[in-house]
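What follows is a short report on a single structure.
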Amino acid sequence: MRLEELAKTIDSTMLDPTSTMADLERLARDAVEYHFASVCVFPYFVPAAKKLLRGHDVKVGTVVSFPYGADGQRAKILAAENAVASGADELDVVMNIPAMLSGDFRYVRDELSSLVRAVRMKSVNTGRGLVLVKVIVEACYLDDKLKRLVAKIVEDSGADFLKTSTGKGPGGATARDVELFRDLLSENVGVKAAGGIRTADDAELMINAGAARIGTSHAVEIMRTYTADRPE
C-alpha cells in the first residue's frame, strides 16, 4: 500500500478529556500535512476544526453518545443533528451498549434507524450533502452471536460503517472481529477498526483483515514509521 493510500484510511482521533484548543491546532496541522481521511474530535471542537480544515482534503468527524451509547434516543438524535449543523462531515455514534447487552434488540435497531434518518434529513436540509454515520458497537463486550446480530442491525439501520470499538473499553479492535464483520456486512457498509491501533503494523493488520478506515490517536507515529520501514 502506498503512503497516500494509507493516509486516506486514517481518522486521526483526539478524544482525550484533557485535550485543548492548542492540541486541536496541532491535530489539524498534522492532518493537513499527511492528508488523513478525517479528524475525529469532541462536538465542542467541531466548529473550530471546520475552520482550521477549510479548503483542505480532510473531513471533520465527531462522536455521539460517547463512550457508552446510553443516552436517551431523543438526546442522541438531537446531538447528531447539532453535530451536522455545526459542520461535522462524519459521525461516530455509539450503539446503546446497555440495551444491547440487556437483549433489547428492537430498541437498539429502532434507535439507530431513527438516528440515521434524522442525520440524512438534516444534511439535506442544510445543503451539506452526505454525512457519514459510523456505528460503534464495542465488540469486546459481544459474543459471536451478538456480533452477528449487531452486524445485521447496523446494516438495516442504513449506516455507512460499523466501527469495532470506542478505544475506551477493556478491548480494542482485533483482526478476527474485523474479518468477521467484513464477512457479515454487504459491500455498502464499511468496517472501521479502532482501539489499540498504535503502530504501522497494527494498521496494516486491520486493513488486510478488511478495514476501510482506521481510528487512532497515533496517526502521525504510524505514518512516520510506515515511511521509515517502507522507503519509496
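No lab work stands behind these numbers, since they all come straight from the coordinates. Because the structure is predicted, anything quoted here is derived from the model rather than measured. Every residue, glycine among them, receives a Cβ derived from its backbone with ideal geometry; neighbour counts consider all protein chains shown.
Figures for the structure shown
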{"read-out": "Ranked MET1, MET206, MET14, criterion: other C-beta atoms within 10 Å, fewest first", "value": "MET1, MET14, MET206"}
{"read-out": "Fewest-first ranking of LYS168, LYS134, LYS59, LYS147, using other Cβ atoms within 10 Å as the exposure measure", "value": "LYS168, LYS147, LYS59, LYS134"}
{"read-out": "For region 56-109, projected area of the alpha-carbon convex hull averaged over all directions, nm²", "value": "4.0"}
{"read-out": "Most mobile of THR174, THR20, THR164 in a GNM of the chain (Cα contacts under 10 Å)", "value": "THR20"}
{"read-out": "Region 196-208 - phi-based ³J(HN,Hα) in whole Hz, Karplus 6.51/-1.76/1.60, Gly and Pro as x", "value": "x, 8, 10, 10, 4, 5, 4, 4, 4, 4, 5, 5, 5"}
{"read-out": "Label-to-label distance, nm, for residues given as LEU78 and ASN188 (7 Å Cα→Cβ offset)", "value": "3.1"}
{"read-out": "Cα centroid of region 194-216 to Cα centroid of region 1-69, whole Å", "value": "17"}
{"read-out": "Unsatisfied cross-links (Cα-Cα over 20 Å) in the set LYS51/LYS163; LYS8/LYS192; LYS122/LYS152", "value": "LYS51/LYS163; LYS122/LYS152"}
{"read-out": "Magnitude of the charge dipole, the chain, Cβ model with Lys/Arg +1 and Asp/Glu -1, debye to 20", "value": "660"}
{"read-out": "Helix-only CD estimate at 222 nm, as mean residue ellipticity for the chain, using -39500 (n - 2.57) per DSSP H run (n ≥ 4)", "value": "-14500 deg cm²/dmol"}
{"read-out": "FRET efficiency for LYS145 and THR227, using Cβ-Cβ distance with R0 set to 41 Å, rounded to 0.05", "value": "0.50"}
{"read-out": "Residue (of ALA37, ALA83, GLY195) at the positive-pole extreme of region 3-229, dipole from beta-carbon charges", "value": "ALA83"}
{"read-out": "Area projected by the alpha carbon convex hull of the chain, averaged over all directions, nm²", "value": "11.7"}
{"read-out": "Full-stretch length increase - THR18, VAL124 - with 0.36 nm per residue and alpha-carbon distance subtracted", "value": "34.8 nm"}
